[in-house]
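The values are calculated or read from the model by the stated rules, or taken from the named source; none is laboratory data. All of these numbers come straight from a predicted model, not from anything done at the bench. Glycine gets a Cβ as well: all are built from the backbone with ideal geometry, and neighbour counts include every protein chain shown.
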Amino acid sequence: MATKKRSSAIVICLIAGLTVFLLSGFTAAGESPLTVKKSSKNTACVELNNDVPVRGVQFTITGAKVTEVRNTARTSGFLTKFNDKNGTVLLVSASAGSIDPGKGPIVDIVCDKPGAVSLSKVKIVGARKK
């Protein structure tokens, strides 16, 4: 069973009891909207620079063994899932909320050892401009 595509561009498919989020992405002109900033010895934050409300973010973390991913004030109330086997992080609002336009951290990444954390496979879902 699948739901129809909604304006938030999130499609939810229910297959054998698994929920899969298919995210259509967007990026700012010429640059990635996500950047990694080192916070301390074993932590880093992922910053989002967005000019439209964002309803979902997915990316893969590489370069360090991640032990925890924590929401920040910008993503308070978002469901955050981290797959420690492949490094995929998924943030989505279960209540149709969004990350307001602006620039700032959306998650803090805690690693067991310092490393050069990088992001790949970035997908972002924004609300459609009216």
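Here is how the numbers come out for the structure above:
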read-out: Filter result (surrounded by 16 or more Cβ atoms within 10 Å (Cβ to Cβ) and touching a Gly at 6+ places or on another chain (Cβ under 6 Å)) within the stretch 88-98; value: VAL92
read-out: Hey, THR19 modelled with pLDDT under 85 and of a type in the set (Ser, Thr, Tyr) or not; value: yes
read-out: When residues of the stretch 46-87 are limited to those that are free of Cβ contacts under 8 Å to residues at least 24 places away in the same chain and assigned to a loop (DSSP other than H, G, I, E, B), the one surrounded by the most Cβ atoms within 10 Å (Cβ to Cβ); value: ASP84
read-out: Any chance SER118 is touching a Ser or Thr at 6+ places or on another chain (Cβ under 7 Å), of a type in the set (Gly, Ala, Ser) and modelled with pLDDT under 95; value: yes
read-out: Any chance ASP84 is of a type in the set (Asp, Glu) and out of contact with any strand residue (DSSP E or B) (no Cβ under 8 Å at 6 or more places or on another chain); value: no
